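Since every read-out is calculated from the coordinates, none of them should be taken as a lab result. Predicted model, so just to flag it, every value in this text is computed and none were measured. Heads up, the Cβs are rebuilt from the backbone with ideal geometry, glycines too, and the neighbour counts pull from every protein chain shown.
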Amino acid sequence: MFIPSDCATISAKQPHQEREREREQESGEPQLAKSEPEARAQIISLARQYARQFHPLHDFDHESANFVKGERVSYAGRCFDEREIAALVDASLEFWLTPVRYTESFERNIAAAIGVRHAFFCSSGSNANLLAISALTSPQLEDRRLRVGDEVITVAAGFPTTVFPIVQNGAVPVFVDVTLPTYNIDVSRLEAAVSDKTRAVILAHTLGNPFDIAAVKSFCDRYNLWLIEDNCDAFGSEYTLDGQTKPTGSFGDIGTLSFYPPHHITTGEGGAVFTSNPQPRRDFAQFS
Ligand SMILES: Cc1ncc(COP(=O)(O)O)c(C=O)c1O
């Protein structure tokens, strides 16, 4: 490659930071601190100021959320303040587009919040459901492995991507009806749905209302079935089983979350699949 000699001389004599300083002075841009930590702190501080000035109130307004017949029902809204803006700017300055420190700490915090050992961040709640079912196809699971043609029990009226991963893995969804008003599984119909091909049950806690975990879990234990809790709508919901109250998502073998904006917390797009079992945890990484 041809490099003109004057260019080569300039870059040798003028290190990048020096050239940048000259450029700032010429353009009238604000001076950036010399060291990286100082420059970062300066930018984050400006971002916080920006948030206070231009996003003054992004807390959910419960007053205006009161229902007025005939008017639009506001069930949610953007809730954030300068801390979120500062964290976004901090992460973007590193420009790691793959999972690094923020993702790792997020995974640890999600696992702790649910009360499980491992959480794996992924691209959506739908992806989390796909990873959950796909992990069950691992040959390492031997007799309990989900194979093509096996059956997975789910509900007839639920979220589509609770069902699609069953079909995507070549298994057969077996639909059980729901009850009103919760739209959760009618557990009285579980026995009629089981066959010698049934390997797993995947159910959502619809709109945050836990399904009858006691009945579903004892059914799964009785027939040695995997239980996947689609917890996408239920982050923060709790259930009491045998006198112990725990977060939904922690009762089954695998649980999932969605962080798409209408959910309880958001990462923009995003989801998580979690478990206390080390085997599926390895498989989430392999299938993702
Ligand atoms: C019960 C349930 N499962 C799965 C999903 C899929 O999540 P995502 O939109 O992040 O793919 C949703 C999304 O709303 C959901 O409500």
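Computed from phi, the 3J(HN,Hα) profile of the stretch 227-236 under the Karplus parametrisation 6.51, -1.76, 1.60 (θ = phi - 60°) reads 10, 10, 9, 7, 9, 4, 9, 10, 5, x Hz, with x in place of Gly and Pro. Once backbone amide H atoms are built at 1.01 Å from N, Val178 has Ala156, Ala157, Asp186 as its partners under 5 Å, excluding neighbours fewer than 5 places away on the same chain.
Sort Phe219, Phe121, Phe175 so the one with the fewest other Cβ atoms within 10 Å of its own Cβ comes first. Before the final figure, lay out the partial values.
On the way: Phe219 19, Phe121 22, Phe175 14.
So the ranking, lowest neighbour count to highest, is Phe175, Phe219, Phe121.
Modelled this way, with points 7 Å down the Cα-to-C-beta line, the labels at Arg101 and Arg19 are 2.8 nm from one another. Once the C-beta distance of Glu191 and Asp143 is scaled by a Förster radius of 30 Å, the resulting FRET efficiency is 0.85 to the nearest 0.05. Report, by chain and number, residues whose modeled amide H sits under 5 Å from the one on Ala200, excluding near sequence neighbours (fewer than 5 apart, same chain). Under 5 Å from the amide H of Ala200: Ile153, Trp226. Using the Cβ of Thr256 as centre and a radius below 13 Å, the other residues enclosed give a net charge of -4, where K and R count +1 and D and E count -1.
For the chain, what is the mean residue ellipticity at 222 nm derived from helices alone (per DSSP H run of n ≥ 4: -39500 (n - 2.57); sum divided by total residues; nearest 500 deg cm²/dmol)? Present the calculation step by step, with values, prior to reporting the outcome.
Details: 10 runs with 112 residues, N = 288.
The helix-only estimate for the chain comes to -12000 deg cm²/dmol at 222 nm.
In a simple Cβ point-charge model (Lys, Arg +1; Asp, Glu -1; nothing else charged), the stretch 139-235 has a dipole of about 180 debye relative to its Cα centre.
In order along the stretch 148-155, the phi-based Karplus estimate (6.51 cos²θ - 1.76 cosθ + 1.60, θ = phi - 60°) of 3J(HN,Hα) comes to 4, x, 5, 10, 10, 7, 8, 9 Hz; Gly and Pro are listed as x. Here the residues Lys34, Lys69, ranked from fewest to most Cβ neighbours within 10 Å of their Cβ, fall in the order Lys69, Lys34.
Membrane-span-like helices in the chain, defined purely by DSSP H runs whose alpha carbon atoms cover 18 Å or more axially and whose average Kyte-Doolittle hydropathy reaches -0.5, are 82-94, 101-114.
Among Ser188, Ser123, the ranking by other beta carbons within 10 Å of each residue's beta carbon, starting with the fewest, stands as Ser188, Ser123.
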